[in-house]
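Chemist: Pasting a structure here, questions to come.
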Amino acid sequence: MADGADRIEKRKAEHIGICLNEQVIGTNVTTGLERYRFMHNALPEIDFAEIDLSTDFLGRKLNVPLLVSSMSGGTRQAVELNRHLAVMAERRGWALGVGSARAAVEHEQLRYGFRLRTYAPSIPILANLGAVQLNYGYGVDECRRAVDIVEADGLVLHLNSLQELFQPEGNVNFKHLLGRIETLCGKLGVPVGVKEVGWGINGEVAARLAQVGVAFIDVAGAGGTSWSQVEKHRIADPVLKAAAEAFADWGIPTSECIVEVRERLPGCLLVASGGLQTGVDAAKTIALGADLAGYGRTLLAPALDSVDSLDGLMARIEWELKAAMFGIGAGSISELKQTPALMKR
């Protein structure tokens, strides 16, 4: 049991180190958000101080339509990371995604790092597991345990087929997952969402997921972290390491995912993540059709540094979002969603 926990901790620690210190952004692929620009409104007719960024997610109020995307868990370093993220998400009113709780489900000694509700009593928190684990012994009970450990408002299943393929210890049987997801949605008792990890979810896949009861979709598109590039740094096999380079530009740009999913599913609760850097990026994703904008690796280094560093970055993202809304005369998130001011270049 200890050996299994040690292996998980080693892998998660390697992932954090690689994401901090190596080039892991996909090459020759972008979020596509740079292809859009807002039409400036010289006479916005609103008071900047009165702009309302608040929204709701999974039955809880948020000060801003922003999400800390699921990153890591199961290591000593991740304990500090997640504590800082939870403290600041609560203070600033962001939703919080927690890294994969598989380590906590399987190893009781690692659960302490996932107990974040004490730091974030009022915001929505998402537990997280790999969807592929439903083909490797996980069922409703294990998923419920993950939710209970995290004291989460919902569970997000991540789809990471190519990461598993390039991961030395990866699980690559993705057969019949849709039916297993449908069973889970019907029995878990909390909303189940699905996210990618950086290669995107298109409209057709999103529609299949919504049809079986998935409550929200996080497109997690291309343009940010590429997990084939992350795993490349852990691969010993020279052939597989070289093959990872062929996938450096793989994935669907985040902006294309948002547009496709929103057109296919007008009423779907939609999260946009994948390569977002600024609050203007968030404004663009919401104007394209997202309900929340998610930030992952952008927050990683500040979160590991200190609460103050993280606070500064999160405050800047919020201010940029609000400033973009001021620049087009949108006084609320609902007005931003309906704005005609976003143009394709």
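Chemist: Using a Gaussian network model of the chain with C-alpha springs under 10 Å, which one of Gly296, Gly59, Gly200 is most mobile by mean-square fluctuation?
Modeler: So, out of Gly296, Gly59, Gly200, the one fluctuating most is Gly59.
Chemist: A further question on this structure: What's the angle, to the nearest 10 degrees (0 to 90), between helix 279-288's Cα axis and the longest principal axis of the chain?
Modeler: It works out to around 80 degrees.
Chemist: Another question, then. Quick check on the chain: of the DSSP beta bridges with both residues there, what percent are antiparallel, nearest 5%?
Modeler: If we restrict to bridges inside the chain, about 20 percent are antiparallel.
Chemist: If the elastic network links every pair of Cα atoms under 10 Å, which of Val29, Val197, Val205 fluctuates the most in the Gaussian network model of the chain?
Modeler: Val205
Chemist: Let me ask another. Give the peptides 72-78, 133-139, 214-220, 154-160 in descending order of average Cβ contacts within 10 Å, highest first.
Modeler: So the peptides 72-78, 133-139, 214-220, 154-160, ranked by packing, come out 214-220, 154-160, 72-78, 133-139.
Chemist: While we're here: Using +1 on the beta carbon of Lys and Arg, -1 on that of Asp and Glu, and nothing else charged, what's the dipole of the chain about the Cα centre, debye to 20?
Modeler: Dipole about the Cα centre, nearest 20: 300 debye.
Chemist: Over the range 183-228, what is the relative contact order in percent, taking alpha-carbon pairs closer than 8 angstrom and at least six residues apart? The partial results should precede the final answer.
Modeler: Values: 59 pairs, mean separation 21.5, N = 46.
Relative contact order here is 47 percent.
Chemist: Are there trypsin sites (Lys or Arg not before Pro) in the range 158-221 that DSSP marks as loop and that have at most 13 other Cβ atoms within 10 Å, and which are they?
Modeler: Those satisfying the criteria are Lys175.
Chemist: Give me the aspartates and glutamates in straight-line cross-link reach of Lys10: C-alpha distance below 20 Å, same-chain residues under 8 apart excluded.
Modeler: Glu22, Glu80, Glu106, Glu108, Glu164, Glu169, Glu231, Asp237
Chemist: Something else: On a 0 to 90 degree scale, rounded to 10, what angle separates helix 307-328 from the longest Cα axis of the chain?
Modeler: Taking Cα atoms only, the helix is inclined about 40 degrees.
Chemist: Further question on the same structure: Using Cα-Cα distances under 8 Å and only pairs 6 or more residues apart, what relative contact order does the range 2-344 have, in percent?
Modeler: 23 percent
Chemist: Add -39500 (n - 2.57) for each DSSP H run of 4 or more in the chain, then divide by its residues: what number comes out at 222 nm, to the nearest 500 deg cm²/dmol?
Modeler: Counting only the DSSP helices, I get -13000 deg cm²/dmol.
Chemist: For the range 280-345, just say rounded, prolate or oblate: build the C-alpha gyration tensor, square-root its eigenvalues into a ≥ b ≥ c, call rounded for a/c under 1.5, and beyond that prolate if a/b exceeds b/c, oblate if not.
Modeler: prolate
Chemist: Is the range 83-156 rounded, prolate or oblate when judged by the Cα gyration tensor, a ≥ b ≥ c being the square roots of its eigenvalues, rounded requiring a/c under 1.5 and prolate requiring a/b larger than b/c?
Modeler: It is prolate, given that a/c is not under 1.5 and a/b is the larger ratio.
Chemist: Is the shape of the range 1-160 rounded, prolate or oblate, going by the alpha carbon gyration tensor and its root eigenvalues a ≥ b ≥ c, with a/c under 1.5 for rounded and a/b larger than b/c for prolate?
Modeler: Details: a/c = 2.16, a/b = 1.58, b/c = 1.37.
Note, shape of the range 1-160 comes out prolate.
Chemist: Now, a different point. Excluding residues fewer than 8 places away in the same chain, name every one of the lysines whose C-alpha is closer than 28 Å to that of Lys337.
Modeler: Lys61, Lys195, Lys284, Lys322
Where a number appears in this text, it was derived from the coordinates with a stated rule and is not lab data. Computed from a predicted model, the values in this text were never measured in an experiment. We place every Cβ from the backbone using ideal geometry, glycine too, and count neighbours over all the protein chains shown.
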